[in-house]
1. Mind ranking 432-440, 145-153 by how tightly packed they are, going by the mean number of other C-beta atoms within 10 angstrom, highest first?
2. Anything over 20 Å Cα to Cα? Flag those among 106/150; 367/403; 150/258; 334/387, in the order listed.
3. Can you tell me how segment 365-459 classifies by the Cα gyration tensor, rounded, prolate or oblate, using a/c under 1.5 as the rounded cut?
4. How large is ³J(HN,Hα) for each residue in segment 166-173, as worked out from phi by the Karplus curve 6.51 cos²θ - 1.76 cosθ + 1.60 (θ = phi - 60°), to whole Hz, x for Gly and Pro?
5. Quick query: amide H of residue 351 versus all other amide H atoms, modeled in the peptide plane; which residues come in under 5 Å with a sequence gap of 5 or more or a different chain?
6. Which net charge results when you count Lys and Arg as +1 and Asp and Glu as -1 among the other residues whose beta-carbon is under 12 Å from that of residue 462?
7. Would you tally the net charge around residue 407, using a Cβ to Cβ cut-off of less than 11 Å, leaving residue 407 out, and scoring K and R as +1, D and E as -1?
8. Counting only protein heavy atoms and a 1.4 Å probe, tell me what percentage of segment 176-258's accessible area is made up of carbon and sulfur.
Amino acid sequence: MDTNILLKWFIILRTGSHIFAVDIETLNNSIPIDEEYAQILMMLLRGDEVRTDRGRLPPPEIPSLPVGFNIPKCGALRDPGAINLDLCFIIQLSCHISLTEIEQAKSIMYQTAERLGSFVSIAVVAYSDDAEEIIEFQENGGDFLDAVEKIKRKPDNCRHCNANTDIALNLCGDILRNKGRPDNIYPNAIMIFTDGVTMKSKFTMDRDRRRTIKAADMNALDGATTIVGMFNNTDGHFTGEKEWNAINSPSTRDGVAKLMPFPVSDTSGAFQLDDGLYIDVFADHAARPAPSDLYMALPGCAKPCIQFSDVVIIIDRSLSIPVNDLALVIKFFKSFIENSDINYESGLQVAVISYNSKVMIHADFGKNFSKAELLQKMDDIPVRTAKYTDTASAFIYARHIIKRGAREGSRRNIILATDGRSRGPGDSGPDSTLTIKLANIIKADNTTIYALGLPNKNLIDGLEEWNSIASEPLGCTVINMQQEGFGFKDLFLVGVMLTNELCKDDISQSPCGFNATEAPQRNFTHWLDY
């Protein structure tokens with residue numbers, strides 16, 4: 001595998017039936033696969049992209065994996081989804097709104113839907129004197145985009161000045177409440193294109209506006225983000241500024257842009273990066289332009305995983321392991337722990353063992369270990385080796401730790417890093433018999449064993465032992481670092497694969513909590529001022 005890689009993500013517009021496309025460009029002699037790269041991939045696999053620069057990161061794609069992995073046996077990589085979102089568009093079709101601006105609003109809706117992808121469900125409400133759900137709430141896709149293109153203003157349904165914006169906002173709110181999916185994983189958003197002048201009659205304009213702002217407040221209380229596209233008011237001297245600003249409710253979530261009302265007539269206000277987002281994920285975050293794209297102003301949450309697993313890490317510190325390699329293995333496991341959810345209630349519980357002629361327990365199972373404490377335990381592992389490779393005794397200790405401290409209902413795993421040359425004290429030479437016997441007992445007790453095959457000083461192949469102790473399928477549980485082309489730099493991708501293996505979809509573990517807990521910040525009495 002070529003491990004010199006520069007990863008760039010970008011989003012492109014629809015081609016044929018494709019709604020959302022990701023391209024990965026790999027360049028030779030550039031940035032090697034490293035810990036930062038692995039952190040990004042692990043974050044995406046866990047469904048955590050909303051916690052950082054969410055709008056700039058598409059779903060995970062993994063480049064060529066290290067030799068030794070057999071993807072068909074492992075199964076597909078977990079797909080947490082792109083941006084899960086329930087979205088309601090509102091477009092004002094009053095007669096005084098120019099056809100040019102209506103077409104521009106349709107273009108913005110179309111491009112926004114293309115960028116969001118099929119994990120989003122969308123409806124469209126049109127209004128003037130009344131409001132109607134002209135495109136039923138549905139999964140985003142080609143049918144929705146075709147329906148957007150067909151939106152027309154019907155003159156016989158058009159009252160010249162009338163604009164009952166409150167009815168449209170209430171209808172969108174009802175759609176999101178009654179047809180939308182669970183808010184903790186599918187946050188709600190409204191994008192409205194309006195001239196900002198609610199008017200049933202010029203004699204009741206103040207009262208009409210109060211109804212509109214109150215409707216917007218009610219949607220915000222339900223946790224909906226609202227983005228405003230400003231139509232020009234070509235009829236009369238009324239201004240929509242107060243109403244636009246009062247309706248607009250940017251998301252308060254970290255990593256989501258706080259977009260203010262933008263003019264529909266100048267789509268650069270909505271799409272400054274109109275040719276697609278082209279982001280170098282290794283670039284300095286501080287050097288990136290401030291997000292202003294509509295795509296980045298919409299809240300979203302990927303489907304999270306739960307890593308409710310008990311993991312025993314076993315590290316071979318026998319004389320046949322080069323000391324520099326031992327240091328790199330410890331560094332890898334530290335990185336894996338750092339980028340995992342260490343949580344006794346719902347995440348990983350980790351124990352750490354090292355061994356040669358003796359077995360040392362550096363960290364045991366227990367609810368009192370924080371991630372910081374666990375990382376300190378990793379730092380305390382001696383970076384030195386000694387005679388013998390008593391893997392059988394290490395398995396006995398690991399089995400005892402699992403029997404005594406595994407949590408009810410957890411998945412149980414052992415990750416063994418060894419050169420595959422078991423030899424206990426007093427043995428005249430390598431002998432895997434007892435090691436394999438104990439591994440079979442452990443596997444029969446519903447524990448998965450992964451074998452991280454380390455190089456050794458004598459260049460002796462340990463594949464036979466690894467294949468005998470690891471769980472099926474071997475293409476997913478045996479990492480042979482003795483193969484040509486596999487180096488310690490590839491271990492970061494091993495961490496990605498382990499993250500994928502330990503992740504199981506669980507909506508109840510969503511980090512979003514958009515509903516009510518992160519409602520847009522608003523003054524919910526300001527409509528009384530009109």
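The values are calculated or read from the model by the stated rules, or taken from the named source; none is laboratory data. Please read all numbers here as calculations on a predicted model, not as lab measurements. Cβ placement follows ideal geometry from the backbone for every residue including glycine, while neighbour counts extend to all protein chains displayed. Heads up: the accessible areas ignore ligands, DNA and RNA and are worked out on the full protein's heavy atoms, side chains in. Shrake-Rupley method; radii C 1.70, N 1.55, O 1.52, S 1.80 Å.
1. On the way: 432-440: 18.2, 145-153: 14.7.
Result, highest mean Cβ count within 10 Å first: 432-440, 145-153.
2. Numbers: 106/150 9 Å; 367/403 15 Å; 150/258 31 Å; 334/387 25 Å.
Checking Cα-Cα distances, 150/258; 334/387 exceed 20 Å.
3. Details: a/c = 2.18, a/b = 1.30, b/c = 1.67.
Since a/c reaches 1.5 but b/c is at least a/b, the shape of segment 365-459 is classed as oblate.
4. 4, 5, 5, 5, 5, 5, 4, x
5. Sorted by chain and number, the residues that satisfy this are 311, 312, 313.
6. On the way: positive: 421, 423; negative: 316, 419, 461, 464, 465.
Around residue 462, the surrounding residues sum to -3.
7. Values: positive: 367, 411, 412; negative: 310, 345, 408.
With Lys, Arg at +1 and Asp, Glu at -1, the neighbours total 0.
8. Working: 1740 of 3480 Å².
Exposed carbon and sulfur together represent 50 percent of the surface.
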